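Peer 1: Mind looking over this structure? Questions follow.
Every number in this text was worked out from the coordinates using simple rules, so none of it is lab data. These numbers were taken from a predicted model, which means no experiment stands behind them. Here the Cβ is made from the backbone with ideal geometry for all residues, glycine too, and neighbour counts use every protein chain on show.
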Amino acid sequence: MSLSSSIYTDAARAMQQGGIIAYPTEGVWGLGCDPLNRVAVNKILTLKSRSVGKGLILVASDMQHLSQLLSAQSPEQLAQIESSRGQGITWLVEHGGTVPAWISGGQNTLAVRLSDHPAIAGLCEAFGGAIVSTSANRTGKPPATSQVQVAGYFGNLINVIVAGKTGSQNGASEIRELKSGRIIRRRGKK
């Protein structure tokens, strides 16, 4: 087993046990956990001083990881999500009650991103599904852009920090509504 697959296995195990991980994404470092573990999600919200009402992004490397969550989408909408893989676009989609309120923020939409970033692909494969992806920072602070900055923000409050580099995107992902295409957040904004 290679070092890289070992760290993904260790991170997946930590998430399965309710732990919090930090990992590089397309443009910034992210915090992640098992999206169905309410205690773990609350740990992230507490670390970030973030309101549950804002909701969280789920990131996946394969459409299969999102298939149950996207059952309300048309084939054209699914193709649009699939074609955006690797572009750093997060889509707001109607979830039809398929996710808990601690992920959706109590809204009827869910934020999802399909990624080809190597760390995200390794983590999702090892975990066996989509994971939480929220910027590694406390509310009001800039998102971490390095492993050193993550450690400075959170120290030993993170169970596993996955080594690696962010992708070529500049800042946080763009957020768009799937139905309308309307941009909710431009790339790089908080």
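Peer 1: In nanometres, what is the gap between the two model label sites at A101 and Q64, each 7 Å from Cα along Cα-to-Cβ?
Peer 2: 3.4 nm
Peer 1: Quote the relative contact order of the stretch 3-185 in percent (integer), defining contacts as alpha-carbon pairs under 8 Å separated by 6+ residues. Spell out each step's value before the answer.
Peer 2: Values: 388 pairs, mean separation 65.0, N = 183.
Reported relative contact order: 36 percent.
Peer 1: Now a separate question. Which of rounded, prolate or oblate describes the stretch 9-55 when judged by the alpha-carbon gyration tensor and an a/c cut-off of 1.5?
Peer 2: Judged from the Cα gyration tensor, the stretch 9-55 comes out oblate (a/c at least 1.5, b/c at or above a/b).
Peer 1: Between the helical axis of 118-127 and the dominant principal axis of the chain, each derived from Cα atoms, what acute angle in degrees is found, rounded to the nearest 10?
Peer 2: 90 degrees
Peer 1: What is the order of R186, R113, fewest Cβ neighbours within 10 Å to most? Can you show the working numbers first?
Peer 2: On the way: R186 12, R113 27.
Sorted ascending by nearby Cβ count, the order is R186, R113.
Peer 1: Can I ask one more? Helix 3-16 sits at what angle to the longest principal axis of the chain, using alpha carbons and giving 0 to 90 degrees rounded to 10?
Peer 2: 70 degrees
Peer 1: Now for a different question. Given only helices, namely DSSP H runs of n ≥ 4 each adding -39500 (n - 2.57), what is the per-residue ellipticity at 222 nm of the chain, to the nearest 500 deg cm²/dmol?
Peer 2: Values: 6 runs with 56 residues, N = 190.
It lands at -8500 deg cm²/dmol.
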